[in-house]
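Visitor: Next up is a structure, given as structure tokens.
The values are calculated or read from the model by the stated rules, or taken from the named source; none is laboratory data. From a predicted model like this one, the values you see are computed outputs, not experimental measurements. A quick note on method: Cβ atoms are made from the backbone with ideal geometry, for glycine too, and the neighbour counts reach across all protein chains shown.
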């Protein structure tokens, strides 16, 4: 739902104030979580590689808990396949992960700044 919400913020003009504030709250929360995680990883000296995201690419889900993973992916290679994990599951596994980032934080901030409520004119 997080990827869907960011895509909505990019592409759809919302005119329902209740729905707008729910979406905005999720955007702010996911941006804060991303900022905190990236900051934590940098302080720990863990390299974050740019991965980007292809148009139409499906949202990644944790291989362990099936939670949607947004922006910061913890990846292991297993038998030629790349397995994605969320931060919580990766932290408990004690393995060396490759950490990938899909969105630039400044890009997310810009999307959030441009996201506004469009009330119909009366």
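Visitor: Please work out which residue is farthest from the chain's Cα centre (by Cα), limiting yourself to the range 43-64 and to residues that are farther than 19 Å from residue 107 by Cα and not in a loop (DSSP other than H, G, I, E, B).
Guide: Among those residues, the one meeting the criterion is 43.
Visitor: Take the residues of the range 65-90 that are in a loop (DSSP other than H, G, I, E, B) and within 23 Å of residue 5 (Cβ to Cβ): which is farthest from the chain's Cα centre (by Cα)?
Guide: My answer is 65.
Visitor: Hey, could you check the range 53-67 for residues that are out of contact with any strand residue (DSSP E or B) (no Cβ under 7 Å at 6 or more places or on another chain) and under 15 Å from residue 103 (Cα atoms) and say which is surrounded by the most Cβ atoms within 10 Å (Cβ to Cβ)?
Guide: 53
Visitor: Ok, one more. Check the range 14-31 and report whether any residue there is within 22 Å of residue 114 (Cα to Cα), in a strand (DSSP E or B) and touching a helix residue (DSSP H, G or I) at 6+ places or on another chain (Cβ under 7 Å).
Guide: Checked against the condition, which is being within 22 Å of residue 114 (Cα to Cα), in a strand (DSSP E or B) and touching a helix residue (DSSP H, G or I) at 6+ places or on another chain (Cβ under 7 Å), the range 14-31 yields at least one hit.
Visitor: While we're on this one: How many residues, within the range 1-12, are touching a residue at least 24 places away in the same chain (Cβ under 8 Å) and part of a helix (DSSP H, G or I)?
Guide: Matching residues across the range 1-12 total 7.
Visitor: Report, by residue number, each residue of the range 9-30 that is modelled with pLDDT under 95 and surrounded by 17 or more Cβ atoms within 10 Å (Cβ to Cβ).
Guide: Selection gives 14 alone.
Visitor: Does residue 15 satisfy the criteria of being in contact (Cβ under 8 Å) with a residue 24 or more places away in the chain and either over 15 Å from the mean Cα position of the chain (by Cα) or within 16 Å of residue 59 (Cβ to Cβ) (or both)?
Guide: So residue 15 passes the test.
Visitor: When you scan the range 39-52, do you find a residue that is in contact with a strand residue (DSSP E or B) (Cβ under 9 Å, 6 or more places away or on another chain), over 25 Å from residue 4 (Cβ atoms) and free of Cβ contacts under 8 Å to residues at least 12 places away in the same chain, even just one?
Guide: yes
Visitor: Among the numbered criteria (1) surrounded by fewer than 17 Cβ atoms within 10 Å (Cβ to Cβ); (2) touching a strand residue (DSSP E or B) at 6+ places or on another chain (Cβ under 7 Å); (3) on the phi > 0 side of the Ramachandran plot, which single criterion is violated by residue 71?
Guide: (1)
Visitor: Another one. Just give me the residues in the range 110-122 being over 13 Å from residue 24 (Cβ atoms) and modelled with pLDDT of 95 or more, in sequence order.
Guide: Matches in the range 110-122: 110 only.
Visitor: With the requirement that a residue be surrounded by 13 or more Cβ atoms within 10 Å (Cβ to Cβ) and closer than 23 Å to residue 29 by Cα, what does the range 89-104 give you?
Guide: If the condition is that a residue be surrounded by 13 or more Cβ atoms within 10 Å (Cβ to Cβ) and closer than 23 Å to residue 29 by Cα, then 89, 90, 99, 100, 101, 102, 103 are the ones that fit.
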